[in-house]
Amino acid sequence: MTAPAPAAASRRVLLAAPRGYCAGVDRAVIAVEKALEQYGAPVYVRHEIVHNKYVVQTLEKKGAIFVERTEEVPEGSIVMFSAHGVAPVVHEEAARGKLATIDATCPLVTKVHKEAIRYANEDFDILLIGHEGHEEVIGTSGEAPDHITIVDGPEDVANVDVRDESKVVWLSQTTLSVDETMETVDALKTRFPLLVSPPSDDICYATSNRQAAVKVMGADSDLVIVVGSKNSSNSIRLVEVALDAGARAAHLVDFASEIDEAWLEGVTTVGLTSGASVPEVLVEEVLEWLTARGYADVEIVKTAEESIVFSLPKELRRDLRAEAAELVADQ
């Protein structure tokens, strides 16, 4: 008698929770939509409002115009500053250009800016852990350029020089890998034993929560798919965290159409998450793509509850069109 063939391994998806939009991103995206609603197109946005291709393209269709330099915004227009924050010099440029401004900087990024100002006023050397050239790091550095040194990971610690080892503090970009940041902090503390830590961790709650979920999910996944854009720091970190957690492979995609079916070869369990600037519709598209290929069993991996909501920028309560016209009239 022929023995029955063994049953095929059940294919499943482990869906991380929390994932996707954080409170700062939600606030920034809604701010652009409200400004367009309230004042009509165009509303200019300095740099991408958040680092997500789909979000930027969607807002462009509604009338937002994204620019890299303040000088690109016509006099008398409204310009919004992105969730990543800007340096004081950008506010000065906007004033010189007779622009009405809406500041959509994430409040958690603003917190880091205020810490930088405070420690600079106390004449500390500030070691800012972050990626050189990232918009958030540029904005924070601009608050106290004479006091801030950027430390781009543990390997950069040996290059750091300070004036007084008894007056050194570390701050960090909000979207970094928690583990790598603490590795950098430990290296800095070895080099500077009197290093001061900020009053609270600078890495934002959403970044920490998404990484924690991926650590749990990644340990049980053959493949992890992270939905997010390639210029999104927190999305890139999720890929790294998944691999460190034990996933055999991990990939970053903007859309389901970017998934390579070859990735599924020999894969029983797919982990799925998304960066903090990713709308849920993009995750749903990936779930549909996976379901069509036999991964219909979806299990939620939940590690935290999130209930934080930030109020919209105060400028949206004013008549900015009238304000912009007055600025031009007063010249």
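The values are calculated or read from the model by the stated rules, or taken from the named source; none is laboratory data. None of the values given here were measured: they were computed from a predicted structure. Counting neighbours? That spans all protein chains shown, and the Cβs are built from the backbone with ideal geometry, glycine included. For the accessible areas, the whole protein counts, side chains as well, though only heavy atoms, and no ligand, DNA or RNA atoms are used. Shrake-Rupley method; radii C 1.70, N 1.55, O 1.52, S 1.80 Å.
When the stretch 46-94 is filtered for residues that are touching a strand residue (DSSP E or B) at 6+ places or on another chain (Cβ under 7 Å), β-branched (Val, Ile, Thr) and in contact (Cβ under 8 Å) with a residue 60 or more places away in the chain, only Ile78 remains.
Just to check your reading of the model, which residue among Thr184, Thr140, Thr174, Thr149 is touching a Cys at 6+ places or on another chain (Cβ under 6 Å) and either of a type in the set (A, V, I, L, M, F, W, C) or in contact (Cβ under 8 Å) with a residue 24 or more places away in the chain (or both)?
Working: Thr184 fails: touching a Cys at 6+ places or on another chain (Cβ under 6 Å); Thr140 fails: touching a Cys at 6+ places or on another chain (Cβ under 6 Å); Thr149 fails: touching a Cys at 6+ places or on another chain (Cβ under 6 Å).
The conditions single out Thr174.
Remark: Asp179 matches the filter, which requires a residue to be farther than 28 Å from Glu60 by Cα, modelled with pLDDT under 95 and open to solvent by 20 Å² or more (accessible area, probe 1.4 Å).
Any chance you could count how many residues in the stretch 95-114 are touching a residue at least 24 places away in the same chain (Cβ under 8 Å), assigned to a helix (DSSP H, G or I) and surrounded by fewer than 21 Cβ atoms within 10 Å (Cβ to Cβ)? Talk me through it step by step, then tell me what you get.
To start, the set of residues in the stretch 95-114 that are touching a residue at least 24 places away in the same chain (Cβ under 8 Å) comprises 97-113.
Filter again for assigned to a helix (DSSP H, G or I), leaving 107-113.
Of the ones still in play, those that are also surrounded by fewer than 21 Cβ atoms within 10 Å (Cβ to Cβ) are 107, 110-111.
Selection size over the stretch 95-114: 3.
Considering the conditions (1) over 28 Å from Lys230 (Cα atoms); (2) of a type in the set (D, E, K, R); (3) touching a residue at least 24 places away in the same chain (Cβ under 8 Å), Arg118 is excluded by exactly one of them, (3).
Among all residues of the stretch 18-34, there is at least one that is among the hydroxyl-bearing types (Ser, Thr, Tyr), surrounded by 21 or more Cβ atoms within 10 Å (Cβ to Cβ), in contact (Cβ under 8 Å) with a residue 24 or more places away in the chain and touching a Pro at 6+ places or on another chain (Cβ under 7 Å). Answer yes if at least one residue in the stretch 47-62 is touching a Ser or Thr at 6+ places or on another chain (Cβ under 6 Å), open to solvent by 20 Å² or more (accessible area, probe 1.4 Å), over 25 Å from Glu143 (Cα atoms) and not assigned by the TED database to the domain that holds Thr174, and no otherwise. The answer is yes; a qualifying residue exists.
Determine, yes or no, whether Asp186 is over 16 Å from the mean Cα position of the chain (by Cα) and within 20 Å of Glu48 (Cα to Cα). Spell out how you get there, then give the answer.
Details: over 16 Å from the mean Cα position of the chain (by Cα): yes; within 20 Å of Glu48 (Cα to Cα): no.
In short, no.
Summed over the stretch 280-310, the residues that are more than 24 Å from Ser10 (Cα to Cα) and not in a loop (DSSP other than H, G, I, E, B) give a count of 3.
Out of Asp156, Asp161, I need the residue that is in a loop (DSSP other than H, G, I, E, B) and not assigned by the TED database to the domain that holds Val286. Which one? Step by step, each of Asp156, Asp161 is checked, and only Asp161 is in a loop (DSSP other than H, G, I, E, B) and not assigned by the TED database to the domain that holds Val286.
Out of Leu15, Leu99, Leu36, one residue alone is aliphatic (A, V, I, L, M) and touching a Leu at 6+ places or on another chain (Cβ under 7 Å). It is Leu15. Of all the listed residues (Val151, Val160, Val168), the sole one being open to solvent by less than 10 Å² (accessible area, probe 1.4 Å), at pLDDT 95 or above and under 18 Å from Arg237 (Cβ atoms) is Val151.
Kindly indicate the residue of the stretch 115-127 that is in a helix (DSSP H, G or I) and of a type in the set (A, V, I, L, M) and also most open to solvent (accessible area, probe 1.4 Å) among those meeting that condition.
So the first thing to find is which residues in the stretch 115-127 are in a helix (DSSP H, G or I), and the list is 115-121.
With of a type in the set (A, V, I, L, M) added as a condition, the list becomes 116-117, 120.
On the way: Ala116: 0, Ile117: 65, Ala120: 16 Å².
Filtering the stretch 115-127 for residues that are in a helix (DSSP H, G or I) and of a type in the set (A, V, I, L, M), the one most open to solvent (accessible area, probe 1.4 Å) comes out as Ile117.
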